[in-house]
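A short worksheet on the structure shown next.
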Amino acid sequence: HISRKMNLSRATVRKYLDHVGDEPKYPQRKSRPRPQLGAFEAVLQQWLETDAHLPRKQKRTARRLFEGLQKAGYQGAYDSIQRWVKAWKANVRPGLHQAFIPLSFRPGEAYQFDWSSET
């Protein structure tokens, strides 16, 4: 009755009924294995370091890097390349995405207006 009412599978309902304590949690992986990417990490890092000095329009995207690695014999998935490139960029520019400048004004010091016309 619960599975029909909640639109859940019977196995999910059984798991929650049998569990003691808080809601059940799925185990989280500490790190993702990279067996296929391992041999190509050096090539990928070299390409990214070369592209780092180019203008934005000339840099290779993760898709282009993936296609280049496929030509070199890489058999893995595209999302592995995406994750690796994202982690590499976070290590190269660690504080770039965390910029925040709080604005505070004394009363009457600054004004903001939003203009719009409604019909």
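Return yes when LYS15 is open to solvent by 90 Å² or more (accessible area, probe 1.4 Å) and either among the charged types (D, E, K, R) or touching a His at 6+ places or on another chain (Cβ under 8 Å) (or both) and no when it is not.
Working: open to solvent by 90 Å² or more (accessible area, probe 1.4 Å): no; either among the charged types (D, E, K, R) or touching a His at 6+ places or on another chain (Cβ under 8 Å) (or both): yes.
For LYS15, the condition - open to solvent by 90 Å² or more (accessible area, probe 1.4 Å) and either among the charged types (D, E, K, R) or touching a His at 6+ places or on another chain (Cβ under 8 Å) (or both) - is not met.
Testing VAL20 on (1) in a helix (DSSP H, G or I); (2) without any contact (Cβ under 8 Å) to a residue 24 or more places away in the chain; (3) open to solvent by 80 Å² or more (accessible area, probe 1.4 Å), one condition comes back false. Which one is that?
The failed condition is (1).
So which residues in the range 69-87 are surrounded by 13 or more Cβ atoms within 10 Å (Cβ to Cβ) and polar (S, T, N, Q), if there are any at all?
Of the residues in the range 69-87, the ones surrounded by 13 or more Cβ atoms within 10 Å (Cβ to Cβ) are 69-70, 74, 76, 78, 80-85.
Residues satisfying the conditions are GLN70, SER80, GLN82.
Within the range 24-48, which residues are open to solvent by 90 Å² or more (accessible area, probe 1.4 Å) and under 18 Å from ALA62 (Cβ atoms)?
Those that are open to solvent by 90 Å² or more (accessible area, probe 1.4 Å) and under 18 Å from ALA62 (Cβ atoms): ARG32, ARG34, GLN36, GLN46.
Output the number of residues of the range 15-72 satisfying the condition of being within 15 Å of LYS86 (Cβ to Cβ) and of a type in the set (Val, Ile, Thr).
1
Going through the range 49-68 one residue at a time, which ones are under 18 Å from the mean Cα position of the chain (by Cα), loosely packed, with under 12 Cβ neighbours inside 10 Å and not in a loop (DSSP other than H, G, I, E, B)?
Matches in the range 49-68: ARG63 only.
The values are calculated or read from the model by the stated rules, or taken from the named source; none is laboratory data. The shown structure was predicted, so the numbers you read here are calculated from the model rather than taken from an experiment. We place every Cβ from the backbone using ideal geometry, glycine too, and count neighbours over all the protein chains shown. Heavy atoms of the whole protein, side chains included, go into the accessibility calculation; ligands, DNA and RNA do not. Shrake-Rupley method; radii C 1.70, N 1.55, O 1.52, S 1.80 Å.
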